[in-house]
Each structure stands twice: as structure tokens, then as C-alpha cells.
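A quick write-up on the structure given underneath.
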Amino acid sequence: GNSVTQMEGPVTLSEEAFLTINCTYTATGYPSLFWYVQYPGEGLQLLLKATKADDKGSNKGFEATYRKETTSFHLEKGSVQVSDSAVYFCALNPNTGNQFYFGTGTSLTVIP
Amino acid sequence: DTAVSQTPKYLVTQMGNDKSIKCEQNLGHDTMYWYKQDSKKFLKIMFSYNNKELIINETVPNRFSPKSPDKAHLNLHINSLELGDSAVYFCASSQTGDTQYFGPGTRLTVL
């Protein structure tokens with residue numbers, strides 16, 4: 001079946017620290033992988049995506065590489081800011097229909 | 001221009017009432033979704049429509065009934081509201097198999 005396992009939070013970091021949020025997946029076939037971000041009081045927004053193995057998605061200083069050998073799509077940022085405080089969701093689209101599979105979300109708080 | 005919009009943004013109501021939430025997308029997408037997000041931020045898919053046809057119908061109480069009058073609109077009607085229905089409800093849309101775009105959410109509080 002299809003599923004996403006995401007690192008549990010909450011995560012608290014100081015400004016300018018390095019961020020990693022782990023995400024692994026199980027899928028049949030060749031999925032597309034996504035990271036979404038949800039700022040307080042808002043809906044989910046696409047942060048980045050990768051559609052095939054070894055692709056790297058990047059946006060706003062965040063990066064994630066689609067690793068088929070380890071079935072992972074870890075989110076990284078070299079230097080976080082207070083404005084990055086949000087909940088981050090890893091998601092999978094198996095490309096065999098319309099359903100997305102979301103992880104449980106990881107809450108990030110960045111303190112000055 | 002708002003891509004996916006929902007109304008109302010907040011909904012406070014008494015147990016036993018019936019309420020509706022409306023969703024509209026102007027992206028030209030063919031698929032729309034309803035999700036429920038609980039207080040721990042867990043997202044649960046409820047329904048999905050593709051070109052006005054129901055294609056995903058997860059295990060939700062039959063008090064919840066979606067309706068898609070056209071492919072740009074997906075409404076959610078809830079009968080006999082219960083305390084456990086309190087949550088944030090998100091509408092989303094996508095072109096089949098591609099990125100989902102989310103609305104701002106409707107925070108439902110049942111008293």
C-alpha cells in the first residue's frame with residue numbers, strides 16, 4: 001500500500017540552525033513526493049516537490065531529494081528563520097489515481 | 001485572485017444543527033477534495049470528486065454529504081452536528097494526479 005511516515009515533533013530550533021525533518025514512504029509504482037507547509041491559521045501551501053528518483057525540489061532555501069534506494073524525501077534548510085515556524089507535511093501521490101497520502105505533520109518553532 | 005476559496009472561515013453552532021460549507025476553485029482543475037484536520041494537525045481525506053463524480057468516499061459518518069454542482073464547486077453539508085465534528089475543514093483541488101491546492105480552511109466549533 002501507500003503511506004508516509006514523518007518525523008514526530010514538535011521541533012524547536014534557534015534562528016540560523018540547520019533543519020532536517022525526516023520523511024520516508026511506502027508506495028507501489030512511481031510516486032511523486034511533496035512537502036507542504038502550513039503557517040498558523042492558514043491552509044497548506046506547496047513548498048516543493050519531486051516527481052522522479054534523484055530529483056531535488058527546492059524553494060525558499062528548503063531542499064529535499066527523492067531517494068528511491070532509501071525511500072526517503074527528507075526536508076532540509078541550512079539556516080532557519082523565525083518566519084519558518086509552521087507545520088510541515090510530507091505527502092505522496094502514487095500517480096495511480098487522485099488520492100494523496102499525507103504524513104502526520106511536524107511542528108517547527110524557531111526562536112530568536 | 002484567490003485560487004481555492006471557502007466560506008465561511010469560522011462556524012460556531014450548537015449540537016444537533018445542520019450546516020454547510022462551500023468551496024470554489026478558479027484554477028480549472030478537474031478534481032476537488034474535502035479534508036478534516038483535527039486539533040493535532042492530523043489530516044484525514046473525506047471525499048474527492050472528479051468532474052462532479054464522487055471518486056473517494058472514506059469512512060465518514062453518513063451525516064456528512066458532499067455535493068458538486070459543477071467541477072468548480074464542492075460543498076459539504078453536515079447533519080445533526082456532534083461535538084466530535086469540531087475541526088478545521090479544508091477544501092483542495094488538483095488537476096488529476098498533480099499538485100493539490102488548498103483553501104484557507106473553515107474552523108467548525110460545535111458547542
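See the values below:
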{"read-out": "For chain B: relative contact order, % (alpha-carbon pairs under 8 angstrom, 6 or more apart)", "value": "37 percent"}
{"read-out": "Pairs beyond 30 Å (Cα-Cα), from A:Lys60/B:Lys19; A:Lys60/B:Lys52; A:Lys60/B:Lys41; A:Lys60/B:Lys67; A:Lys49/B:Lys71", "value": "A:Lys60/B:Lys19; A:Lys60/B:Lys52; A:Lys60/B:Lys67"}
{"read-out": "At 0.692 mPa s and 37 °C, Stokes diffusion of chain B via Kirkwood alpha-carbon radius, µm² per second", "value": "237 µm²/s"}
{"read-out": "Residues A:Thr96 and A:Thr5, FRET efficiency given R0 of 25 Å [Cβ-Cβ distance, rounded to 0.05]", "value": "0.80"}
{"read-out": "Evaluated over the protein assembly as shown, the Cα radius of gyration and Dmax, each in Å", "value": "17.6, 52"}
{"read-out": "Charge context of A:Tyr66, other residues only, Cβ under 14 angstrom, K/R +1, D/E -1", "value": "0"}
{"read-out": "Label point at A:Thr20 placed 7 Å out along Cα→Cβ; residues across the range A:61-104 whose backbone nitrogen lies under 11 Å", "value": "A:74-77"}
{"read-out": "When each of B:Lys22/B:Lys44; A:Lys56/B:Lys9; A:Lys52/B:Lys22 is checked by Cα-Cα distance, pairs over 27 Å", "value": "A:Lys56/B:Lys9; A:Lys52/B:Lys22"}
{"read-out": "Rounded D (µm²/s) - the range A:23-92, Kirkwood Rh over Cα pairs, Stokes-Einstein at 25 °C, 0.890 mPa s", "value": "197 µm²/s"}
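Read the figures in this text as sums done on the coordinates, not as results from a lab. All values reported here derive from a predicted model rather than from experimental measurement. Cβ sites come from the backbone with ideal geometry, for glycine too, and all protein chains shown count toward neighbours.
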